[in-house]
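What follows draws every value from the coordinates through simple rules; no lab data is involved. Since the model is a prediction, treat every value here as computed from it, not as a measurement. Cβ sites come from the backbone with ideal geometry, for glycine too, and all protein chains shown count toward neighbours.
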Amino acid sequence: MDLIVERKRKVSGEIKVPGDKSISHRSLILASIAEGVSKIEGLLEAEDCLSTMQIMKDLGIKIEKKAAGSYQVYGKGLDGLEEADDVLDCGNSGTSMRLLTGLLASQDFYSVLTGDHSLRKRPMQRIIGPLSRMGAQIWARKNGLAPMSIRGQKLAALEYTLPVASAQLKSSILLAALKSEGETIVNEPAVSRDHTERMLKGAGVEIDIEADRIVLKAAKKRKLNSFEIKVPGDISSAAFFITAALTADQGELLIKNVGLNKTRSGFIEVVQAMGGEISLINKKDQGGEPTADILVKASDLKGCEVSGEIIPRLIDEIPIIAVLAAAAEGKTVIKDAEELRVKETDRISAVVNEFKKLGIDIEEYPDGMIIKGPVEVEGGIEVESYHDHRIAMSLAVLALRTKKGLTIKGSEIINTSFPGFKELLASL
Ligand SMILES: O=C(O)C1=C[C@@H](OP(=O)(O)O)[C@@H](O)[C@H](O)C1
Ligand SMILES: C=C(OP(=O)(O)O)C(=O)O
């Protein structure tokens, strides 16, 4: 499907973005293995999270929709899942596949996980390795690609240092370890999003979170209490609208109730380093996650360097940071971000290809890119989504400051994380 986005030089209004994708996946999974009924409000009803929901239903969990975004999950405890009678389909969602492989590795039955053509190219050896050391039996295609099949086993505890800062890998190990008795320790090379740890703790599991070292305490038998959660707005979705407002000629945008967990909010620090006028107001704590309203104004931006420990705290925001960079005065250097090459598409080459088509000064590096701005973009052409929601949305925001707009091909992929994006962008 084509998405046509015209030039728009004033961006203002008050909006809300849908619920956080990472927290939504985890709410569904943890509620399913908790004891009794959990209530989720503000769940992200996007294709990725609906894949996780369908899989939990396929594993015998009753999940009832009460209203838009509002669900009741009838958890059956850590031993309550049942073997599904068919293949479990994760669609486009790496989070579903990696977290659920961990969970299913310790369940006493057989499972097969697959996904769409993009997910079937993404690296799964990174989870198969540590899970196998715990005793898991997992088979994959050559080079550790899905479909994967799992013969659930009793697993041993593990101390493991992640080779990459990945919350999916960390969470996969923690979920696998829940039914083992010993102490499982995960060390990270840099801090990645910590929603799994916070939510496990909230559900009564004994877990110590010391920045880059997570300790799941030894226990004869663990149990998760059921919970009620209000999922905050997704900072990764808000980033597109923050960028639209910052790169406009005029206007002021208020985005209500966005999750601002430190392990996720590197994007806000980059906006500040670039001189963007952004303020966080009405700060709150919402079920163990910090939230705020974000007020952002059209700003003169300057280039900056984005590298090192901040990268995992803004990993999904790098394509939209590239859009900020193209509007900023001077050079923006993005490095240490080679993980972008194994997302829904190779996000470094996707951004570089499409920006070059548009006449933006951009250079590609193995671990990032250098962009020199500001650039007046003519537009009036077609650009590609590469079957990647974040590439599609980044190009849609870039289109707002082109002279002749852009046609974004394959834009239906946006529904994997942000249903209603097109309408919200048009409403500004
Ligand atoms: O755990 C999560 O919810 C996620 C972790 C990140 O992936 P990695 O763990 O591969 O870095 C991120 O890119 C993804 O969108 C969501
Ligand atoms: C990388 C992403 O998601 P996932 O890994 O769950 O497919 C993303 O949403 O940008």
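Considering only C-alpha atoms, what is the centroid distance from the range 5-39 to the range 111-170, in Å?
26
For a quick check: with amide H placed at 1.01 Å from N, whose amide H comes under 5 Å from ILE381's, ignoring anything fewer than 5 positions away on the same chain?
Here the answer is THR407, since their amide H atoms fall under 5 Å of that of ILE381.
Net charge around LYS76, counting only other residues with Cβ within less than 13 Å of its Cβ (Lys, Arg = +1; Asp, Glu = -1)?
Every neighbour counted, the sum reads 0.
What's the FRET efficiency of ASP300 with ARG341 using the Cβ-Cβ distance as r and R₀ = 35 Å, to the nearest 0.05?
For R0 = 35 Å, the calculated efficiency reads 0.65.
What residues qualify as long-range amide H neighbours of THR402, i.e. H under 5 Å apart, gap of 5 or more or another chain, H built at 1.01 Å from N?
Excluding prolines and chain starts, which carry no amide H, the hits are LYS8.
How far apart, in nanometres, would the label points at LYS65 and ARG213 be if each is projected 7 angstrom from Cα along the Cα-to-Cβ direction?
About 4.6 nm, to one decimal.
Testing the spin-label approximation: label points 7 Å from Cα along Cα→Cβ at GLN72 and ALA273. State their distance in nm.
According to this spin-label approximation, the distance is 4.8 nm.
Using a Förster distance of 45 Å, how high is the FRET efficiency between TRP139 and GLN250, based on the Cβ-Cβ distance and rounded to 0.05?
The pair TRP139/GLN250 has a calculated efficiency of 0.20.
Once phi is turned into θ = phi - 60°, what whole-Hz ³J(HN,Hα) does the Karplus curve with 6.51, -1.76 and 1.60 give for every residue of the range 149-165, x standing for Gly and Pro?
10, 10, 9, x, 9, 6, 9, 9, 5, 8, 10, 9, 9, 5, x, 9, 6
Give me the percent of DSSP beta bridges within the chain that run antiparallel, rounded to the nearest 5.
Values: 56 of 79 bridges.
DSSP beta bridges in the chain are roughly 70 percent antiparallel.
Pull up all non-local amide H partners of ASP116: gap of 5 or more, or a different chain, and H-to-H distance under 5 Å with H placed in the peptide plane.
Counting only residues 5 or more places away or on other chains, the set is GLY91, ASN92, SER93.
Under the Karplus relation 6.51 cos²θ - 1.76 cosθ + 1.60, θ = phi - 60°, what is the ordered set of whole-Hz ³J(HN,Hα) values for the range 322-331, x standing for Gly and Pro?
Rounded to whole hertz, the list is 4, 5, 4, 4, 5, 9, 8, 6, x, 9.
Which listed residue (GLN107, MET124, VAL215) has the Cα farthest towards the positive end of the charge dipole for the range 107-219, taking +1 on Lys and Arg C-beta and -1 on Asp and Glu C-beta about the Cα centre?
The Cα lying farthest towards the positive end belongs to MET124.
What is the antiparallel percent of DSSP beta bridges lying wholly in the range 21-217, to the nearest 5?
Restricted to the range 21-217, the bridges split so that about 85 percent are antiparallel.
Please name which of LEU44, ILE255, SER349 has its Cα lying farthest along the dipole of the chain towards the positive end, using unit charges on Cβ (Lys, Arg +1; Asp, Glu -1) and the Cα centre as origin.
Going by the Cα projections, it comes out as LEU44.
Under a plain spin-label model, where a point goes 7 Å from the Cα along Cα-to-Cβ, how far apart in nm are TYR110 and ASP361?
Reported label-point gap for TYR110 and ASP361 is 6.1 nm.
What's the local net charge at LYS284, with K and R +1, D and E -1, over the other residues with C-beta under 14 Å away?
Around LYS284, the surrounding residues sum to 0.
Provide the per-residue ³J(HN,Hα) series for the range 367-384, in order, calculated from phi with Karplus coefficients 6.51, -1.76, 1.60 and θ = phi - 60°, each as a whole number of Hz, with x at glycine and proline positions.
In residue order, the calculated couplings are 10, x, 6, 10, 10, 10, x, x, 10, 7, 9, 6, x, x, 10, 9, 10, 9 Hz.
With an 8 Å cut-off on Cα pairs and a minimum separation of 6 or more residues, tell me the relative contact order of the range 21-217 in percent.
Contact order relative to length: 17 percent.
Taking neighbour counts of Cβ atoms within 10 Å as a proxy for exposure, in what order, fewest first, do CYS49, CYS90, CYS304 appear?
On the way: CYS49 29, CYS90 26, CYS304 22.
In increasing order of surrounding Cβ atoms, one gets CYS304, CYS90, CYS49.
Within the range 46-150, list the trypsin sites (Lys or Arg not before Pro) lying in a DSSP loop whose Cβ has at most 12 other Cβ atoms in a 10 Å radius.
LYS142
Would you calculate, for the chain, the mean residue ellipticity at 222 nm contributed by helices, counting each DSSP H stretch of 4 or more residues as -39,500 (n - 2.57) and dividing by all residues, to the nearest 500? Don't skip to the end; give the middle numbers.
Numbers: 12 runs with 124 residues, N = 428.
So the calculated ellipticity at 222 nm is -8500 deg cm²/dmol.
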